[in-house]
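Student: Sharing a structure with you now.
What follows is calculated from the coordinates using simple rules that are stated; it is not laboratory data. The structure displayed is predicted, hence computed values, not measured ones. Cβ coordinates were reconstructed from backbone atoms using ideal geometry, including for glycine residues, and neighbour counts include every protein chain displayed.
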Amino acid sequence: MQKIFTFLILILLSAGSFSQEPEKVLASIFDEALTDTTAWRHLKYLCKNTKGRLSGSPASLKAINYTRQALKDAGADTVWLQKVNVPHWVRGYEECRIFSSGLGEYNLSVSTLGLSSGTDSKGIKAEVIEVHDFDELKALGRNTIEGKIVFFNRPADNTLINTFAGYGGAVNQRLSGAAEASRFGALAVIVRSATQSLDDFPHTGTTHYPEDVNKIPAVAVSTAGAELLSSWLKKDPSLNVRLVTTCKTLPDTISFNVIGEIRGDLKPEEYITVGGHLDSWDITEGAHDDAGGCVQAIEMIRIYRLLGIKPKRSVRAVMFMNEEISTTGGKTYADEAAKKGEKHYAALESDRGVMSPRGFGFDASGTRLDNLKSLAKYFVPFNVRDFDAGGGGSDIAPLKSLGILQIGYIPDSQRYFWYHHSANDTFEQVNIRELQMGSAAIASLIWLIDLYDY
Ligand SMILES: [Zn+2]
């Protein structure tokens with residue numbers, strides 16, 4: 001009797017004003033996303049008014065306040081800030097100038113790597129040794145390296161169709177080059193930007209020093225600059241470079257994740273998280289990385305509310321803080337969820353740019369993966385086709401310990417590293433229609449996963 005009663009209630013609920021037919025629901029989600037201007041306004045504000053919102057910066061606080069209001073306006077039931085400890089590193093004056101007796105002088109386009117140690121205002125002037133990997137560095141040894149500036153010049157492999165793989169094959173020079181060169185007595189490092197593009201934008205990012213190494217300054221040089229430096233070194237191996245970077249690491253400070261929640265209709269104690277990261281590098285508007293991902297999460301809330309979509313579970317849009325330096329936003333979010341005993345069902349991250357959607361990657365296997373892949377049929381009209389294993393994001397990774405399904409939003413990646421971590425990642429580089437195709441795909445997928453309990 002109880003069962004029949006529950007069944008009747010469910011029938012009544014589903015026979016309300018809102019149709020549960022996937023084809024119709026998805027069409028209405030895409031229609032709304034592609035005809036509304038809210039996302040455009042949010043993206044423009046974050047890019048133009050909170051540029052350089054690295055954690056700890058005044059711009060990051062402005063972005064926190066703005067997105068808190070945006071989530072309220074979107075119709076979230078509850079919006080709150082979650083305290084996060086963040087590092088506070090600030091760039092100073094930076095200059096990297098080549099001096100060659102035969103070829104002249106040239107100023108390279110550089111950007112100091114996050115967490116790098118600095119120089120004094122006079123800088124470091126030394127000869128330069130070009131290497132392509134850590135084996136080459138080791139083979140040259142302390143006799144050659146000591147007292148010099150090491151120039152890591154291995155390009156991203158352009159033959160790789162997945163540009164994230166190309167980036168991944170080059171980025172260890174940025175992450176560990178300074179530490180490795182320091183072991184051989186280098187004074188500083190210059191690292192070729194980890195990007196497939198050939199241009200004059202330096203692409204920054206963090207560098208890491210293990211406890212046991214002497215911290216030496218590290219800068220990224222534009223790919224065009226790397227080509228020039230390499231060609232000059234061939235003609236004049238004894239040229240000098242003067243590197244000045246007066247960056248500083250200040251004491252850690254307090255920042256916030258911004259969270260907006262729609263309370264679930266039938267299973268409010270279970271949570272689905274959709275997020276991007278609100279911080280960006282200090283030299284950029286951070287449009288693709290990752291204001292766009294944050295805007296897509298806000299759009300999911302807005303669209304659900306506007307269309308009267310009531311998820312069974314509580315759905316949260318989370319703007320994570322400090323993804324770029326040490327992901328303390330993601331860690332804090334997962335720690336608090338664990339402490340409160342929250343039951344997290346799934347989490348999706350959009351942090352691979354906001355180009356046209358290709359699909360989703362799922363950290364799942366077996367029947368669950370088969371179920372998730374079967375949802376692809378609903379996305380055919382929207383050209384979103386790649387549903388496959390493997391996915392997540394650095395902010396949602398700490399939730400894995402709670403046994404959740406992790407999902408990565410996957411847009412087309414061919415242009416992403418043209419912008420990534422550089423001053424070229426501007427509002428103007430985003431096609432708002434492509435961004436909104438992504439918002440709609442994400443909102444649709446989350447609704448389906450919640451509906452079918454996949
Ligand atoms: Zn990012």
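Student: Between T35 and L198, what is the label-point separation in nm under the 7 Å Cα-to-beta-carbon projection?
Tutor: The two pseudo-label positions are separated by 4.6 nm.
Student: Would you please report the Å³ per residue occupied by the convex hull of the alpha carbon atoms in the range 16-89?
Tutor: Measuring per residue, one finds 136 Å³ for the Cα hull of the range 16-89.
Student: Put +1 on the Cβ of every Lys and Arg and -1 on every Asp and Glu Cβ in the chain; which of V380, T144, V274 then has its Cα farthest towards the positive end of the dipole?
Tutor: It is V274, whose Cα lies furthest towards the positive end.
Student: Residues of the range 340-354 with amide nitrogen under 16 Å from the 7 Å Cα-to-Cβ point of A389?
Tutor: Backbone N within reach: none found.
Student: How big is D for the range 195-276, in µm² s⁻¹ as a whole number, if Stokes-Einstein is applied with the Kirkwood radius of its Cα pairs at 4 °C and 1.567 mPa s?
Tutor: 70 µm²/s
Student: Considering the convex hull of the alpha carbon atoms of the range 102-215, report its projected area averaged over all viewing directions, in nm², one decimal.
Tutor: 8.3 nm²
Student: To continue, here is another question. Along each of the three principal axes of the Cα atoms of the range 83-125, give the extent in whole Å, ordering the values from largest to smallest.
Tutor: 56, 19, 12
Student: Looking at the chain, what % of its DSSP beta bridges pair antiparallel, to the nearest 5?
Tutor: Antiparallel bridges: around 55 percent, rounded to the nearest 5.
Student: I need the shape label for the range 361-454. Rule: rounded when a/c is under 1.5, else prolate if a/b > b/c, else oblate, with a, b, c from the alpha carbon gyration tensor.
Tutor: Cα axes put the range 361-454 in the oblate bin.
Student: Further question on the same structure: Hey, what number do you get for the chain at 222 nm if only DSSP H runs of n ≥ 4 count, each worth -39500 (n - 2.57), divided across all residues, to the nearest 500?
Tutor: The helix contribution divided over the chain gives -11500 deg cm²/dmol.
Student: What whole-number volume per residue, in cubic angstrom, does the convex hull of the C-alpha atoms of the chain give?
Tutor: Cα convex hull per residue, to the nearest whole number: 145 Å³.
Student: While we're looking at this one, here's another question. Report the label-to-label distance for E269 and H208 in nanometres (one decimal), using points 7 Å from each Cα along the Cα→Cβ vector.
Tutor: 3.8 nm
Student: While we're on this one: With N residues in the range 399-454, what two-decimal value do you get for its Cα radius of gyration over 2.2 N^0.38 Å?
Tutor: Against the compact-globule rule of thumb, the ratio is 1.48.
Student: Select from M321, P311, Y333 the residue farthest towards the positive end of the dipole of the range 307-363; place +1 on Cβ of Lys and Arg, -1 on Cβ of Asp and Glu, and compute about the Cα centre.
Tutor: P311
Student: Could you sort 121-133, 438-450 so that the peptide with the highest average Cβ count within 10 Å comes first and the rest follow in order?
Tutor: Result, highest mean Cβ count within 10 Å first: 438-450, 121-133.
Student: How high is the relative contact order of the chain? Use alpha-carbon pairs under 8 Å, at least six apart in sequence, and give a whole percent.
Tutor: 21 percent
Student: Modelling each spin label as a point 7 Å along the Cα-to-Cβ direction, I'd like the D133/R368 distance in nm, to one decimal.
Tutor: Computed distance between label sites D133 and R368 equals 3.6 nm.
Student: For the range 274-407, what number results from the quotient of the Cα radius of gyration and 2.2 N^0.38 Å?
Tutor: For the range 274-407, the normalised Cα radius of gyration comes out at 1.07.
Student: Now for a separate question. When only alpha-carbon atoms are used, what values of Rg and Dmax, in angstrom, describe the range 162-299?
Tutor: Values for the range 162-299 (Cα only, Rg and Dmax): 20.2, 72 Å.
Student: Choose one of H344, G361, L435: the residue whose Cα lies farthest towards the positive end of the charge dipole of the range 341-454 (beta-carbon charges +1 Lys, Arg; -1 Asp, Glu; about the Cα centre).
Tutor: After comparing all options, I get G361.
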